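Chemist: Have a look at this one.
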Amino acid sequence: MSETAEKVLEALGTGRRKTSVARVRVRAGSGKITVNRRPLEDYFPLPKHRNDVTAALDKTGKRNDVDVRIRVSGGGPTGQAGAIKLGIARALLKFDPELIAPLREASLLTRDGRMKERKKYGLRGARRGTQFSKR
């Protein structure tokens, strides 16, 4: 990176997973993370989901250097945690473009494209048919 590059004050990132959408704002700070105006620990009680959310910050070493404000909607806790993970990674990349190597290495910039398969007509679900009756 050259010396002429400007330092970004605040960076935005959007993350999606299943039916969840997360809008993430990253700015220089002390490591405070809020999700829908609630502390991270209140919003995600399970450590698995909290680790997902903080994965990008831990890999880049920015856990205590930036404040993260997140607005997330749709889906359940796992989908929301995955959406936030992608959103934080994208926002960090805009915040500091030199972080691309550790983020790519941990494959945090790749969107998980798996979605729920739609129900088809004549079937009970996406693939499940009706029970066969001989008589």
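The values are calculated or read from the model by the stated rules, or taken from the named source; none is laboratory data. In this text, all values refer to a predicted model and were calculated from it rather than measured experimentally. Cβ coordinates were reconstructed from backbone atoms using ideal geometry, including for glycine residues, and neighbour counts include every protein chain displayed.
Chemist: Restricting to segment 20-66, what's the tally of residues that are more than 20 Å from GLY76 (Cβ to Cβ), outside any helix (DSSP H, G or I) and among the basic types (Lys, Arg)?
Modeler: Total satisfying the criteria: 5.
Chemist: Return yes when ASP112 is more than 18 Å from LYS18 (Cα to Cα), charged (D, E, K, R) and either modelled with pLDDT under 95 or in contact with a strand residue (DSSP E or B) (Cβ under 6 Å, 6 or more places away or on another chain) (or both) and no when it is not.
Modeler: No: the conditions fail for ASP112.
Chemist: Filter segment 48-77 down to residues that are in contact (Cβ under 8 Å) with a residue 40 or more places away in the chain and hydroxyl-bearing (Ser, Thr, Tyr) and give me whichever is surrounded by the most Cβ atoms within 10 Å (Cβ to Cβ).
Modeler: Checked segment 48-77; the qualifying residue surrounded by the most Cβ atoms within 10 Å (Cβ to Cβ) is THR60.
Chemist: Give segment 83-111 a look and list any residue that's in a loop (DSSP other than H, G, I, E, B), more than 10 Å from the chain's Cα centre (by Cα) and among the charged types (D, E, K, R), or say none. Let's see the steps before the verdict.
Modeler: Applying the first criterion (in a loop (DSSP other than H, G, I, E, B)) to segment 83-111 yields 96, 106-111.
From what's left, more than 10 Å from the chain's Cα centre (by Cα): 96, 106-107, 110.
Of everything in segment 83-111, just one residue is in a loop (DSSP other than H, G, I, E, B), more than 10 Å from the chain's Cα centre (by Cα) and among the charged types (D, E, K, R), namely ASP96.
Chemist: On to the next question. So, in segment 13-29, how many residues would count as being over 9 Å from the mean Cα position of the chain (by Cα), exposed (fewer than 14 other Cβ atoms within 10 Å of the Cβ) and at pLDDT 95 or above?
Modeler: 0
Chemist: Right, next: Confirm whether VAL8 is crowded, with 22+ Cβ neighbours inside 10 Å and either hydroxyl-bearing (Ser, Thr, Tyr) or not in a helix (DSSP H, G or I) (or both).
Modeler: Judged against the criteria, VAL8 is not a match.
Chemist: With the requirement that a residue be aliphatic (A, V, I, L, M), without any contact (Cβ under 8 Å) to a residue 60 or more places away in the chain and closer than 29 Å to ILE84 by Cβ, what does segment 112-135 give you? Reasoning before the result, please.
Modeler: Filtering segment 112-135 for residues aliphatic (A, V, I, L, M) gives 115, 123, 126.
Filter once more, so that each one left must be without any contact (Cβ under 8 Å) to a residue 60 or more places away in the chain: 123, 126.
Within segment 112-135, ALA126 is the sole residue that qualifies.
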